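Data first, discussion second: the structure below is written as structure tokens.
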Amino acid sequence: MRTPLDRSAIVRLFNLGGKKLVTQMVELFFRETPKRLETARNGKDKGDLDAIERVTHSLKTSSANVGSKEMSRLSGLIEQCAYEKKMEEIPELLRMLEEEYVFVKKDLEEELGKL
């Protein structure tokens, strides 16, 4: 069972800057996340643990900002594995992260429709 989106993050953004800020943050997340996931995949393929660590740190924060606790958690696990040089655990965690993004994107699109 997947963890639903934490709506309190969306509410917090709304309280800070209204619909405009929520829309900007979600659109930025949609624009940057696929690039970051690709960077992580490339890092995995090349054995570049430093690149994986950097990009998953960014994903951890951006995911939390839009309410995806599960993406943030998975990103943090990957970041930690990269830091600890545990490459063998990264492919499965990365697969899970990419799968979760599909659900989060759909959830966020629905949230935008409610604003």
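Values in this text are rule-based calculations from the coordinates and carry no lab data. Keep in mind the model is a prediction, meaning the values are calculated, not measured. In this analysis, Cβ positions are derived from the backbone assuming ideal geometry, glycine residues included, and neighbour counts consider all displayed protein chains.
Data table
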read-out	value
Failed item, numbered, when LEU59 is tested on (1) within 23 Å of LEU115 (Cα to Cα); (2) under 9 Å from the mean Cα position of the chain (by Cα); (3) not polar (S, T, N, Q)	(1)
Filter result for LEU74 (over 16 Å from ASN42 (Cβ atoms) and either part of a helix (DSSP H, G or I) or β-branched (Val, Ile, Thr) (or both))	yes
Residues (β-branched (Val, Ile, Thr) and under 22 Å from LEU112 (Cβ atoms)) located in region 62-89	VAL66
Qualifying positions in region 99-115 - surrounded by fewer than 16 Cβ atoms within 10 Å (Cβ to Cβ) and within 15 Å of ALA40 (Cβ to Cβ)	GLU99
Residue count, region 56-101 (criterion: of a type in the set (Asp, Glu) and either in contact (Cβ under 8 Å) with a residue 40 or more places away in the chain or within 25 Å of LEU5 (Cβ to Cβ) (or both))	6
Extreme residue, surrounded by the fewest Cβ atoms within 10 Å (Cβ to Cβ), among residues of region 1-55 that are outside any helix (DSSP H, G or I) and free of Cβ contacts under 8 Å to residues at least 12 places away in the same chain	MET1
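Residue-by-condition table, conditions (1) within 26 Å of GLY18 (Cβ to Cβ); (2) among the hydrophobic types (A, V, I, L, M, F, W, C); (3) in contact with a strand residue (DSSP E or B) (Cβ under 6 Å, 6 or more places away or on another chain):
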site: ARG54; (1), (2), (3): no, no, no
site: HIS57; (1), (2), (3): no, no, no
site: GLY67; (1), (2), (3): yes, no, no
site: LYS86; (1), (2), (3): no, no, no
site: LYS106; (1), (2), (3): yes, no, no
site: LEU112; (1), (2), (3): yes, yes, no
site: LEU115; (1), (2), (3): yes, yes, no
